[in-house]
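The values are calculated or read from the model by the stated rules, or taken from the named source; none is laboratory data. Worth saying up front: this structure is predicted, and the values here are computed from it rather than measured. Because the Cβ atoms are built from the backbone with ideal geometry, glycine has one as well, and the counts that use them run over all protein chains shown. Surface accessibility is based on the protein's heavy atoms, side chains included, excluding ligands, DNA and RNA. Shrake-Rupley method; radii C 1.70, N 1.55, O 1.52, S 1.80 Å.
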Amino acid sequence: MRRNYFLVMLAIVVGSCSKSDSAGPASSADEAVVTIHVQDKKQTIRNFGASDAWACQYIGLWPDEKRNQVADWLFSTEVDEAGKPAGIGLSVWRFNIGAGSAAQDNISDEWRRAEGFLNNDGSYTWSRQAGQQWFMQAAQQRGVQQFIGFTNSPPVQLTKNGKAFSSDGEHANISAGNYKAFAGFLVEVVKHFQSQGITLNYLSPFNEPQWDWTGNGQEGTPFTNQEIVDVTWKLDSALTANGLATRIQIGEAGKMNYLYEASDKPTRGEQIKDFFTSTSARYIGNLQHVDKMISGHSYFTSAPMETMVQVRKNIAANIQQASVPLEFWQSEYCILGDQEEIPGGGKDTGMTTALYVARLIHHDLAIANASAWHWWTSISVYDYKDGLIYADKNKTNGNIEQTKLLWALGNYSRFIRPGAVRVGVASTDINTDDTKGLMISSYIHETDKKLVTVVVNYGNLDSNIKLTIDGAAITSVKPYITSAQTDESLKPLAEIAAGEVITIPKKSVVTLVSDVN
């Protein structure tokens with residue numbers, strides 16, 4: 001029996017709405033009618049991405065066949081003869097600008113250290129971070145046009161304790177006298193990549209500043225809001241003096257709630273209000289290079305479900321209070337710690353993690369109004385739910401393994417391209433507050449006249465939907481499915497006529513793409 005799908009640049013998480021487990025055409029009595037209002041414009045989507053921390057420093061030096069396969073999975077927008085995507089088409093790549101901990105031995109796991117370009121005498125060695133630089137070039141060759149350079153710590157040559165992690169956990173591990181040097185370092189990194197034909201569109205100098213970073217598990221430093229402001233002023237001036245167009249991204253909050261409340265970090269919270277309200281003493285929304293966005297990480301707010309929903313509603317409400325038009329970006333996530341339905345420990349290449357993350361992506365896009373969504377580490381070598389791709393912990397060669405999570409993210413990233421606009425979705429047949437039911441977000445590409453729908457069925461039964469389009473017309477839809485089936489990883493299915501009832505198989509993610517007439 002044929003599975004019917006409808007590709008309308010729309011993201012749907014579907015629960016058990018049907019009365020049958022069969023996949024195929026359904027009677028009208030079983031269907032849920034969903035209306036897409038293409039003139040009801042929401043936020044513009046800028047990109048979907050992931051980072052190169054930390055395995056890319058080694059995987060990028062592996063044999064060409066292996067590293068190119070990984071790059072294809074992450075960046076390619078090509079399709080094979082059957083129309084199956086070769087990759088998930090990430091549209092932004094996050095480059096970790098290392099602090100130089102690889103030259104030291106005080107971070108216990110050498111795979112979590114990073115090389116640094118800066119030398120002790122103030123000169124630079126640009127041949128370092130070679131594996132990561134290879135992945136940047138591979139991303140660009142496959143069509144990625146947006147790059148973010150992010151730091152977890154200033155270079156060890158500039159830190160207070162000479163290390164890439166903090167000693168006191170209260171203030172930035174860099175003295176005010178070195179802020180200008182830190183800014184100068186970042187400018188030199190931008191100029192280096194520019195000379196290689198790669199533009200770092202964004203710099204993100206402050207990663208999860210709420211955490212103390214006193215452990216030796218990775219590079220990191222806290223920053224108070226005032227310290228962030230002071231460094232940002234120096235960096236803004238340095239970018240201007242060097243005639244660079246790179247934007248400074250602020251936030252990377254360790255938890256989303258720190259963006260709108262002080263919580264347990266009174267000097268590091270309320271970041272929307274502190275940085276982007278014109279009456280604030282720390283207002284930086286008027287600086288030339290500060291991007292009109294603020295970012296946060298979805299860690300520790302993805303469960304329980306009531307918290308997940310409410311935090312994202314709070315984000316959307318507080319963003320509206322900014323003194324400048326402000327976007328929210330979800331800039332880092334993996335399954336960190338034990339969640340309500342899923343533990344962080346234990347590698348999972350199947351649909352359990354894929355569905356859990358797909359639901360979170362929906363809420364970040366449709367409730368928090370995120371304009372970007374980024375996964376944390378693209379390649380993992382650990383027995384943990386933190387990788388889109390898994391690899392052997394071997395510096396020179398080894399096995400690589402794709403995951404259903406990779407392709408479920410691709411149900412969004414491969415089809416919702418930069419510049420797409422989320423549009424309104426309504427239904428009287430679906431409980432949109434059911435986090436194990438049907439959740440829908442829809443997007444339209446004005447330039448190439450595409451309407452895309454991503455459907456995640458979190459339920460244990462197949463579900464039937466019928467889509468109607470208000471404000472546009474389509475004639476057919478092309479579905480792509482990711483499910484537990486071995487061969488269903490963004491697998492293209494037969495094109496179907498518009499208006500048919502669509503069966504969304506249980507525990508699956510389906511993207512439906514249509515040309516808009």
Residue satisfying all of: in region 435-456; touching a helix residue (DSSP H, G or I) at 6+ places or on another chain (Cβ under 6 Å) and of a type outside the set (A, V, I, L, M); modelled with the lowest pLDDT among these: Ser441
Considering residues of region 405-434 that are modelled with pLDDT of 95 or more and part of a loop (DSSP other than H, G, I, E, B) only, the residue farthest from Thr352 (Cα to Cα): Gly419
Test: Asp462 is modelled with pLDDT under 95, more than 22 Å from the chain's Cα centre (by Cα) and surrounded by 22 or more Cβ atoms within 10 Å (Cβ to Cβ): yes
Looking only at region 437-448, and only at residues there that are in a strand (DSSP E or B) and among the hydroxyl-bearing types (Ser, Thr, Tyr), the one that is surrounded by the most Cβ atoms within 10 Å (Cβ to Cβ): Ser442
Candidates Pro222, Pro266 - the one that is assigned to a loop (DSSP other than H, G, I, E, B), over 18 Å from the mean Cα position of the chain (by Cα) and free of Cβ contacts under 8 Å to residues at least 12 places away in the same chain: Pro266
Conditions (1) surrounded by fewer than 23 Cβ atoms within 10 Å (Cβ to Cβ); (2) out of contact with any Asp or Glu (no Cβ under 7 Å at 6 or more places or on another chain); (3) part of a loop (DSSP other than H, G, I, E, B); (4) free of Cβ contacts under 8 Å to residues at least 60 places away in the same chain; number of the one not met by Leu61: (4)
Region 489-517, subset among the polar types (S, T, N, Q) and farther than 20 Å from Asn460 by Cβ, residue surrounded by the fewest Cβ atoms within 10 Å (Cβ to Cβ): Asn517
Flag for Ala370 being touching a residue at least 12 places away in the same chain (Cβ under 8 Å) and either open to solvent by less than 30 Å² (accessible area, probe 1.4 Å) or under 27 Å from Gln146 (Cβ atoms) (or both): yes
Per-region count, region 261-284, residues open to solvent by less than 40 Å² (accessible area, probe 1.4 Å) and over 30 Å from Gln194 (Cα atoms): 9
Verdict on Thr453 being open to solvent by 20 Å² or more (accessible area, probe 1.4 Å) and among the β-branched types (Val, Ile, Thr): no
Flag for Ser378 being closer than 26 Å to Val452 by Cβ, within 16 Å of the chain's Cα centre (by Cα) and either modelled with pLDDT under 95 or open to solvent by less than 20 Å² (accessible area, probe 1.4 Å) (or both): yes
Boolean, Asp448 is in contact with a Pro (Cβ under 8 Å, 6 or more places away or on another chain) and of a type in the set (D, E, K, R): no
Test set (1) open to solvent by 10 Å² or more (accessible area, probe 1.4 Å); (2) closer than 30 Å to Pro418 by Cα; (3) not basic (Lys, Arg) - Phe147 fails condition number: (1)
Qualifying residue in region 94-105 (condition: closer than 26 Å to Trp213 by Cα, among the β-branched types (Val, Ile, Thr) and crowded, with 16+ Cβ neighbours inside 10 Å): yes
Test result for Thr486, out of contact with any strand residue (DSSP E or B) (no Cβ under 8 Å at 6 or more places or on another chain), open to solvent by 10 Å² or more (accessible area, probe 1.4 Å) and β-branched (Val, Ile, Thr): yes
Within region 169-209, considering residues that are crowded, with 20+ Cβ neighbours inside 10 Å and of a type in the set (S, T, N, Q), the one farthest from the chain's Cα centre (by Cα): Asn178
